[in-house]
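Engineer: Quick one: this structure, given as structure tokens, is what I'll be asking you about.
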Amino acid sequence: MITSGEALKIEPNLKIKGDFPVIFSPNTKVGNPSRVIEEVEKDLNNLSNVEVVLRNKPEKVIKSDKKHIVLETSNNNIECNFFINAAGLYSDKISKLFNVGHHYD
């Protein structure tokens, strides 16, 4: 816990109302997920061997091994070598399609 004055010295753009203690967590960030994905998409689209596929709801993992992934989605099947789960609050459901995170039910 730090004072609001200390927090403003660290991050002058904070909007603090009142003189309340502030939680200082130097290893975490808060951001706009949509903007983050837009910027990642821009960076990835500049690469010749990458295709960004958005707005496809993964429904079933048909194949997943260390070299190849095939997903059945709401629109079509997608084949890839890497899959980035950027589903936000829905990411746990996507992870479970890959048999990851079942112990967080």
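The values are calculated or read from the model by the stated rules, or taken from the named source; none is laboratory data. Not measured: the values here are computed from a predicted model. Here the Cβ positions follow ideal geometry from the backbone for every residue, glycine too, while neighbour counts run over all protein chains shown.
Engineer: Looking at ILE62, ILE78, ILE23, can you tell me which residue is without any contact (Cβ under 8 Å) to a residue 24 or more places away in the chain, out of contact with any helix residue (DSSP H, G or I) (no Cβ under 6 Å at 6 or more places or on another chain) and assigned by TED's automatic domain parsing to the domain that holds ILE94? Write out each step before concluding.
Structural biologist: Values: ILE78 fails: without any contact (Cβ under 8 Å) to a residue 24 or more places away in the chain; ILE23 fails: assigned by TED's automatic domain parsing to the domain that holds ILE94.
Answer to the check: ILE62.
Engineer: For the range 58-84, enumerate the residues that are under 21 Å from LYS42 (Cα atoms), touching a strand residue (DSSP E or B) at 6+ places or on another chain (Cβ under 9 Å) and assigned to a loop (DSSP other than H, G, I, E, B).
Structural biologist: ASN81, PHE82, PHE83
Engineer: Which of (1) in contact with a strand residue (DSSP E or B) (Cβ under 7 Å, 6 or more places away or on another chain); (2) assigned to a helix (DSSP H, G or I) does TYR90 not meet, given it meets every other one?
Structural biologist: If we test TYR90 against (1) in contact with a strand residue (DSSP E or B) (Cβ under 7 Å, 6 or more places away or on another chain); (2) assigned to a helix (DSSP H, G or I), just (1) comes out false.
Engineer: Further question: Which one of the conditions (1) touching an Asp or Glu at 6+ places or on another chain (Cβ under 8 Å); (2) exposed (fewer than 12 other Cβ atoms within 10 Å of the Cβ) does GLU72 fail to meet, given that it meets all the rest?
Structural biologist: Among (1) touching an Asp or Glu at 6+ places or on another chain (Cβ under 8 Å); (2) exposed (fewer than 12 other Cβ atoms within 10 Å of the Cβ), the lone unmet condition for GLU72 is (2).
Engineer: Here is a further query. For the list (1) in contact with a strand residue (DSSP E or B) (Cβ under 7 Å, 6 or more places away or on another chain); (2) at pLDDT below 90; (3) outside any loop (DSSP other than H, G, I, E, B), I need the number of the one condition that ILE37 fails.
Structural biologist: The single condition ILE37 does not satisfy is (1).
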